[in-house]
1. Regarding region 14-32, can at least one residue be identified that is surrounded by 17 or more Cβ atoms within 10 Å (Cβ to Cβ) and over 22 Å from Arg150 (Cβ atoms)?
2. Which ones in region 5-29 are hydrophobic (A, V, I, L, M, F, W, C) and closer than 16 Å to Cys84 by Cα?
3. For Lys190, which of the numbered conditions (1) part of a strand (DSSP E or B); (2) surrounded by fewer than 17 Cβ atoms within 10 Å (Cβ to Cβ) fails to hold?
4. Failed condition for Thr222, given (1) among the polar types (S, T, N, Q); (2) surrounded by 12 or more Cβ atoms within 10 Å (Cβ to Cβ); (3) more than 21 Å from Glu196 (Cβ to Cβ), with all others met?
5. Can you say whether Pro198 is surrounded by 11 or more Cβ atoms within 10 Å (Cβ to Cβ), out of contact with any Asp or Glu (no Cβ under 6 Å at 6 or more places or on another chain) and in a loop (DSSP other than H, G, I, E, B), as far as the supplied structure shows?
6. Return the residue satisfying two criteria in turn: it lies in region 98-153 and is small (Gly, Ala, Ser), in contact with a strand residue (DSSP E or B) (Cβ under 7 Å, 6 or more places away or on another chain) and more than 23 Å from Pro23 (Cβ to Cβ), and of such residues it is surrounded by the most Cβ atoms within 10 Å (Cβ to Cβ).
7. When you go through (1) touching a residue at least 60 places away in the same chain (Cβ under 8 Å); (2) within 30 Å of His156 (Cβ to Cβ); (3) surrounded by fewer than 20 Cβ atoms within 10 Å (Cβ to Cβ) one by one for Asp55, which number turns out not to apply?
8. Among the residues of region 1-34, what is the count of those that are in contact with a His (Cβ under 6 Å, 6 or more places away or on another chain) and not aliphatic (A, V, I, L, M)?
Amino acid sequence: MQIWEHGQEHARTLLFFPCTAEPVWAFSETIALLSRKWHVFQVIYDGHQPEYPGDFTSVEQTVDEVTAYLKSHGVVQLDAAYGCSLGGACLTRLLALGEIPVGRAIIDGGITPYQFPYPLRKLRLALDVLSFKLAANNRKVLEAAFPPERFTLPGHDAVKEYDEIERYEHGGAWHEALKEYLDGNFAFVKKFLARELPEAVMYIPETTYLAWVDLGKCLPETTDLPDFFANKAGVLLEGGNGLFVGNAAGYIRLNLAMPRSIIETGLTRMVEAIRKEQG
């Protein structure tokens, strides 16, 4: 979680909790207007900005971190606070805890626990799930609920961005073709090593696009395999020992999610470097 401050020259303070669906840049104009008269504390949730990856954890943790930030910066009370949707839930908790008094608060569509009887809560939940599934499986509904021009970064083609989402959500045929190609890459590497470097040991895994290859018998005196292949073969790869587990000396990890021609070129360079080293 991050907090961006704007308009620090102003005395009046305003805490801004955004909603969960909007990207950070969507509030830039609003924040610019507010910061003309207010010292604005803009909350940036984890996972909402490329510079701050990660996953949103909880309303409770967010409010605790915001409270700690404000106190550490000498803010013991706020003149105003705004929270929308998820931000409204955060603001509701901030007000309930009372550690940072707030002069005026706006809770805009805050997500709060339903106060309905249990059967009605279950029905409400079912309607929410149905609406999300409907939006996810219907391009027109998705665009109506989340207009592409509003949810696409400036300078990006909004239609193209949503086309990519649709391919991802409904790319069953593409996905099957991808898995078949990756299986072919594994089979190719195993056959190549058996022919050109029989002392290498490789097993085809049940999942993933990463291959573990034991080169311990090929280069028994070489302790830093990534350095060896980078300088001797011009191939960048990762070694297993110390990076992933503590007992993988002599292993390398190969990314096979690429065109087969590139894999063949890399393997050929590696075999040539090993043979030169072996003399």
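1. Yes: one or more hits.
2. If the condition is that a residue be hydrophobic (A, V, I, L, M, F, W, C) and closer than 16 Å to Cys84 by Cα, then Leu14, Leu15, Phe16, Phe17, Cys19, Ala21, Val24, Trp25, Ala26, Phe27 are the ones that fit.
3. So the condition that Lys190 fails would be (1).
4. (3)
5. no
6. Ala105
7. Result: Asp55 passes all but (1).
8. 4
The values are calculated or read from the model by the stated rules, or taken from the named source; none is laboratory data. From a predicted model like this one, the values you see are computed outputs, not experimental measurements. In this analysis, Cβ positions are derived from the backbone assuming ideal geometry, glycine residues included, and neighbour counts consider all displayed protein chains.
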